[in-house]
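Trainee: First the structure, which I've put down as structure tokens, then a few questions once you've had a look.
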Amino acid sequence: MPSVGSLDRSIREALVSFAAIALRPDWRGREREAISLFAFRFLLPHFNGRLPLRHPAQLGIEVCVPGVRGKNPKGRVNKDLVIWGSHSMSCWDEGWEVAYAPRAVLEWTYTRTPARWRAHWRRDIEWLRDFTAERRGCVGYAIALIAVPSATSLQVVRVQRGSANERWLICGAG
């Protein structure tokens with residue numbers, strides 16, 4: 001399996017480029033538009049036929065992944081944006097059981113108001129801690145796009161093996 005370093009570099013470069021557009025006062029969009037813009041304009045060019053980003057069909061938006069014990073009673077949950085280990089994957093095995101985890105999970109929080117977004121973002125970070133502790137081959141990114149005029153920023157917490165790097169990426173005023 002390729003190192004996480006090249007995946008991190010691609011995601012970081014794509015997020016920095018995305019932030020240059022999404023943090024402008026004239027950009028209009030909500031969380032779903034932000035995810036689509038990021039995935040198709042900024043992340044997709046990094047899928048170049050080499051590991052870990054070989055094929056665009058490794059991307060999934062709002063797709064099912066295995067759940068976390070004690071947090072997801074159905075044993076599965078949908079996540080904003082995932083990167084699978086190879087193209088055309090899903091979490092399902094031949095018996096329609098949840099069996100496979102993605103290579104990366106990118107959970108998004110978007111706000112245009114200063115109130116209450118941190119609690120949602122913190123829940124994403126905690127879920128990613130638990131998920132990556134159970135599935136050690138997966139890396140998580142909790143992305144907060146804060147479009148509050150007085151504090152516009154993009155903040156990303158990177159999570160791997162249950163441990164979070166709280167200041168992995170910060171773009172903008174923060």
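Trainee: Any idea which of Val148, Val139, Val159 is over 17 Å from Phe38 (Cα atoms) and either modelled with pLDDT under 95 or aromatic (Phe, Trp, Tyr) (or both)?
Mentor: None of the others qualify; the one that does is Val148.
Trainee: Right, next: If you scan the stretch 9-26, which residues turn out to be under 15 Å from Arg112 (Cα atoms) and either touching a Phe, Trp or Tyr at 6+ places or on another chain (Cβ under 6 Å) or among the acidic types (Asp, Glu) (or both)?
Mentor: Asp26
Trainee: Residue by residue through the stretch 30-69, note down the ones that are in contact (Cβ under 8 Å) with a residue 40 or more places away in the chain and outside any strand (DSSP E or B).
Mentor: Within the stretch 30-69, Arg30, Glu31, Ala34, Ile35, Phe38, Ala39, Leu51, Pro52, Gln58, Val68, Arg69 meet the criteria.
Trainee: Regarding the stretch 140-153, can at least one residue be identified that is touching a Leu at 6+ places or on another chain (Cβ under 9 Å) and surrounded by fewer than 21 Cβ atoms within 10 Å (Cβ to Cβ)? Walk me through how you get there before you give the answer.
Mentor: Applying the first criterion (touching a Leu at 6+ places or on another chain (Cβ under 9 Å)) to the stretch 140-153 yields 140-147, 152-153.
Keeping just the survivors that are surrounded by fewer than 21 Cβ atoms within 10 Å (Cβ to Cβ) gives 152-153.
Checked the stretch 140-153: at least one residue is touching a Leu at 6+ places or on another chain (Cβ under 9 Å) and surrounded by fewer than 21 Cβ atoms within 10 Å (Cβ to Cβ).
The rows are residues; the columns are (1) within 22 Å of Trp127 (Cα to Cα); (2) not small (Gly, Ala, Ser).
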| position | (1), (2) |
| --- | --- |
| Leu7 | yes, yes |
| Ala14 | no, no |
| Ile21 | no, yes |
| Glu33 | no, yes |
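Trainee: Answer yes if at least one residue in the stretch 110-123 is free of Cβ contacts under 8 Å to residues at least 60 places away in the same chain and within 21 Å of Arg9 (Cα to Cα), and no otherwise.
Mentor: no
Trainee: Please determine, by comparing only the residues of the stretch 29-44 that are of a type outside the set (A, V, I, L, M, F, W, C) and touching a helix residue (DSSP H, G or I) at 6+ places or on another chain (Cβ under 8 Å), which one is nearest to Leu154 (Cα to Cα).
Mentor: Checking each candidate, the answer is Gly29.
Trainee: State the number of residues belonging to the stretch 55-87 that are open to solvent by 20 Å² or more (accessible area, probe 1.4 Å) and in contact with a His (Cβ under 7 Å, 6 or more places away or on another chain).
Mentor: Number satisfying all stated conditions: 3.
Trainee: Condition first: open to solvent by 10 Å² or more (accessible area, probe 1.4 Å), without any contact (Cβ under 8 Å) to a residue 60 or more places away in the chain and over 21 Å from Glu33 (Cβ atoms). Now tell me which residues in the stretch 97-109 satisfy that.
Mentor: Glu97, Val98, Ala99, Tyr100, Ala101
The values are calculated or read from the model by the stated rules, or taken from the named source; none is laboratory data. What you see is a predicted model; the values in this text were computed from it and never measured. So basically every Cβ, Gly included, is an ideal-geometry build from the backbone, and we count neighbours across all protein chains shown. Ligands, DNA and RNA are excluded from the accessible area calculation, which covers all protein heavy atoms including side chains. Shrake-Rupley method; radii C 1.70, N 1.55, O 1.52, S 1.80 Å.
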